[in-house]
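**Q** Please read through the structure below; I'll follow up with questions.
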Amino acid sequence: MSASPAIVTHSASAELRFRYATYLGDTSLILAQRLGEWVGHAPALEEDLALANIALDLLGQARYLLSYAGEIEGKGRSEDDLAFLRDPSDFSNLALVEQPNVDFGHTIVRQFLLDAWQLELFEKLQASSEPRFAELAAKALKETRYHYRFSAGWVVRLGDGTEESHNRVQAGLDALWRFTSEMFAPGAADEEAAAAGLGPDPASLRAAWLANVEQVLQTATLKRPADVPFRWFGKRHQHTDHLSHLLAEMQFMQRTYPGAQW
């Protein structure tokens, strides 16, 4: 990846910073929840622990971002309130991360596609005009490099492995590829954030992301699916039904016993 150009500094309202923070925080939070579903169910203990550690890294990112969002919102909402007491239509995560696990190969493909995107995002976000975003990006980039090595390594191992493992990973790639367009298409939060100097233009991330992805797919003997129009646009609050089911489970305790602590 090339060095990041400086992001031009502009004034950004608290409301825009809140929307950008929740967009990034929701994406990490929902993927962390999906990965947490693998605890105790992964193919081997080492992979079980690896997925759990990645989930914890993502949860840490989400906590940082949602805490910041609650702080600048000024309505007294904590990170827990934003995670557990919002409805599905209030979430702005990428639709990719809410897709179900299906199997290990499917999970690895989803993780790989997101990791490759976050590598580019966090590298450029270090130049944010908002110190809190730049601070988050510097720490998250180190974590994401590990996540990417793990997921890319498994994509190659499974894609260039047995006939069954190849077919499963290719099936996951075929099913999930349509959700990748959202990463680079403009949404209200990231487009305005780019104009205000908070973060990079989403379209500027695609070339490097695609180069990394295609290199790994070629090594893994996997075929890149064709780009197709997509219906779901999570960062515009248009979600698949999978998010409602995920939140029903994730938010159950706080919804059932409001204010419960342990």
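Only the coordinates and a few stated rules stand behind these numbers; no lab work does. Only a predicted model underlies this, so the values are computations on that prediction, with no experimental measurement involved. Neighbour counts run over all protein chains shown; Cβ positions are idealised from the backbone, glycine included.
**Q** Just how many % of Cα pairs in region 101-228 lie over 19 Å apart, if you round to the nearest whole percent?
**A** Everything past 19 Å amounts to 50 percent.
**Q** Could you pull out every residue, at least 5 positions away or on a different chain, whose amide H is within less than 5 Å of the one on Gln238? Hs are placed 1.01 Å off N in the peptide plane, and Pro or chain starts have none.
**A** Distant-sequence amide H within range of Gln238: Phe233.
**Q** If you average the sequence gap of Cα pairs under 8 Å that are 6 or more apart and divide by the length of the chain, what percent do you get for the contact order?
**A** It rounds to 26 percent for the chain.
**Q** Now for a separate question. Taking N as the number of residues in the chain, what is its alpha-carbon radius of gyration divided by 2.2 N^0.38 Å?
**A** 0.97
**Q** Hey, can you rank 54-62, 158-166 by average C-beta count inside 10 Å, highest first?
**A** 54-62, 158-166
**Q** Cβ under 15 Å from Glu15's Cβ, Glu15 left aside: what net charge do those residues give with Lys, Arg +1 and Asp, Glu -1?
**A** Result for the local shell: -3.
**Q** Something else about it: Starting from the amide H of Gly161, placed 1.01 Å from N in the peptide plane, find each other amide H under 5 Å away whose residue is 5 or more places distant or on another chain.
**A** His166
**Q** Here's something else I'd like to know. State which stretch of the chain is the longest one without any exposed trypsin sites (Lys or Arg not before Pro), exposure meaning a DSSP loop state and at most 14 other Cβ atoms within 10 Å.
**A** 76-222
**Q** Now for a different question. Relative to a virtual label point 7 Å from the Cα of Asp87 in the Cα→beta-carbon direction, which members of region 207-244 show backbone nitrogen distances below 16 Å?
**A** Those under the cut-off are 237-241, 243-244.
**Q** On to the next question. Determine the sum of side-chain charges near Leu31: Lys and Arg each +1, Asp and Glu each -1, restricted to other residues whose C-beta is under 12 angstrom from that of Leu31.
**A** -3
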